[in-house]
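The structure appears below as structure tokens.
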Amino acid sequence: MRIDEILATTRPVFSIEFFPPKTDEGREGLIETARTLGELGPNFVSVTYGAGGSTRDGTVEISTALHNDLGLETMAHLSCVGETTEGLQEVLDKVDDAGIENVLALRGDPPRGQADFVQPAGGLGSAAELAAFISERYDFSIGATAFPEVHPEAASLDADLDYLKTKVEAGASFLITQLFFDNDVYFRFVDAARSKGIEVPIIPGVIPVASFAQTERICELCDASIPEPLAAAMVALEGDETAQFDLGVAYAAQQCTDLLLGGAPGVHFYALNKAPATRAVLGALQAARPWERPGTAPAGAAA
């Protein structure tokens, strides 16, 4: 089923992001993780696309397995990095042949060791160009990314939103945000996007912290900030991994509850190919069902 159709009929929408593993053992672990989390009934899952197309074949293979073998609604990520238009069309044909109806259009990060994005010869130069390329040739439901803390290459929030609007105009019918921990950042971003005329659903991206050191590394890579109270609480645990996991799950559960109470259309979980933290948070949300509380903002009101 198309994600734009899911968003039009279902609130809240829960989704989970995976990445293609590099080994057979990792692949088996991912399939088991997806099977475990699939028992919670996520509305869709997504599979990332490595820098420079480093997991190009893995993205198609894993997306196909999750869709066809596990019966999960799946979205394949696709980036411009290192790809000609012919290569992009080849990937899209494979995704289409697998019966997958959803694609996340990305410019993509430069390959490791390369500081800046360079448009490949015979390729495309932006996520907006890729979204237009896809929409002109296929009937996929197209998603794109948004950055509540502003894309690191953008001159300002205003400039970032101007560019974000071009993704929507090119065919993106929903947006998924980069991970964040401060919900005020998300709600302010949504308000600013609406003032720019961006009306598509904006799904917040959340990472349940299972390991603080790992999360710090991820945040450094994607220019996301960790609020000082959360960082201080994690540091105070002095490396106790079990306590970090418990705190991370509790924080994410509260963060997601507040997002849904504020009218977010759902939550996109960055699971890092592991089940326990996401399973705990999503399970708690489904048990508590905060979106049904009296006085809750209508689902989707904020996004």
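The values are calculated or read from the model by the stated rules, or taken from the named source; none is laboratory data. Just so you know, these numbers come straight off a predicted model, no measurement behind them. Neighbour counts are summed over all protein chains in view; Cβ atoms, including those assigned to glycine, are modelled from backbone coordinates with ideal geometry. SASA here: full protein model, heavy atoms, side chains in, ligands and nucleic acids out. Shrake-Rupley method; radii C 1.70, N 1.55, O 1.52, S 1.80 Å.
Restricting to the stretch 14-29, what's the tally of residues that are in contact with a helix residue (DSSP H, G or I) (Cβ under 7 Å, 6 or more places away or on another chain) and outside any strand (DSSP E or B)?
Selection size over the stretch 14-29: 2.
For (1) charged (D, E, K, R); (2) in contact (Cβ under 8 Å) with a residue 40 or more places away in the chain; (3) outside any strand (DSSP E or B), each residue gets a yes or a no:
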residue: Pro148; (1), (2), (3): no, yes, yes
residue: Pro152; (1), (2), (3): no, yes, yes
residue: Asp162; (1), (2), (3): yes, no, yes
residue: Lys165; (1), (2), (3): yes, no, yes
residue: Ile198; (1), (2), (3): no, no, yes
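Tell me yes or no: at least one residue of the stretch 180-190 is without any contact (Cβ under 8 Å) to a residue 40 or more places away in the chain, in contact with a helix residue (DSSP H, G or I) (Cβ under 6 Å, 6 or more places away or on another chain) and open to solvent by less than 60 Å² (accessible area, probe 1.4 Å).
No, that holds for no residue.
Got a sec? Which of Ile226, Ile203 is closer than 21 Å to Asp109 by Cβ, part of a loop (DSSP other than H, G, I, E, B) and either open to solvent by less than 50 Å² (accessible area, probe 1.4 Å) or of a type outside the set (Lys, Arg) (or both)?
Selected residue: Ile226, the only one of Ile226, Ile203 that is closer than 21 Å to Asp109 by Cβ, part of a loop (DSSP other than H, G, I, E, B) and either open to solvent by less than 50 Å² (accessible area, probe 1.4 Å) or of a type outside the set (Lys, Arg) (or both).
Looking at (1) within 17 Å of Gly143 (Cβ to Cβ); (2) open to solvent by 10 Å² or more (accessible area, probe 1.4 Å), which is the one condition that is false for Ala210?
Unmet for Ala210, out of (1) within 17 Å of Gly143 (Cβ to Cβ); (2) open to solvent by 10 Å² or more (accessible area, probe 1.4 Å): (1).
Give me the pairs: first residue in the stretch 71-88 and touching a residue at least 60 places away in the same chain (Cβ under 8 Å), second residue open to solvent by 10 Å² or more (accessible area, probe 1.4 Å), beta-carbon distance under 7 Å, and six or more apart or on different chains, which are they?
Filtered contacts from the stretch 71-88: Glu73/Met1; Glu73/Asn43.
Out of the residues in the stretch 167-196 that are closer than 18 Å to Glu149 by Cα and assigned to a loop (DSSP other than H, G, I, E, B), state the one that is farthest from the chain's Cα centre (by Cα).
Lys196
So which of Arg289, Arg279 is among the charged types (D, E, K, R), surrounded by fewer than 15 Cβ atoms within 10 Å (Cβ to Cβ) and under 20 Å from Gly41 (Cα atoms)?
Details: Arg279 fails: surrounded by fewer than 15 Cβ atoms within 10 Å (Cβ to Cβ).
Exactly one of Arg289, Arg279 is among the charged types (D, E, K, R), surrounded by fewer than 15 Cβ atoms within 10 Å (Cβ to Cβ) and under 20 Å from Gly41 (Cα atoms), namely Arg289.
Among the numbered criteria (1) modelled with pLDDT of 95 or more; (2) exposed (fewer than 14 other Cβ atoms within 10 Å of the Cβ), which single criterion is violated by Asp4?
Against the list (1) modelled with pLDDT of 95 or more; (2) exposed (fewer than 14 other Cβ atoms within 10 Å of the Cβ), Asp4 comes up short only on (2).
For Glu5, are the conditions met, namely being part of a helix (DSSP H, G or I) and in contact (Cβ under 8 Å) with a residue 40 or more places away in the chain?
Values: part of a helix (DSSP H, G or I): yes; in contact (Cβ under 8 Å) with a residue 40 or more places away in the chain: yes.
In short, yes.
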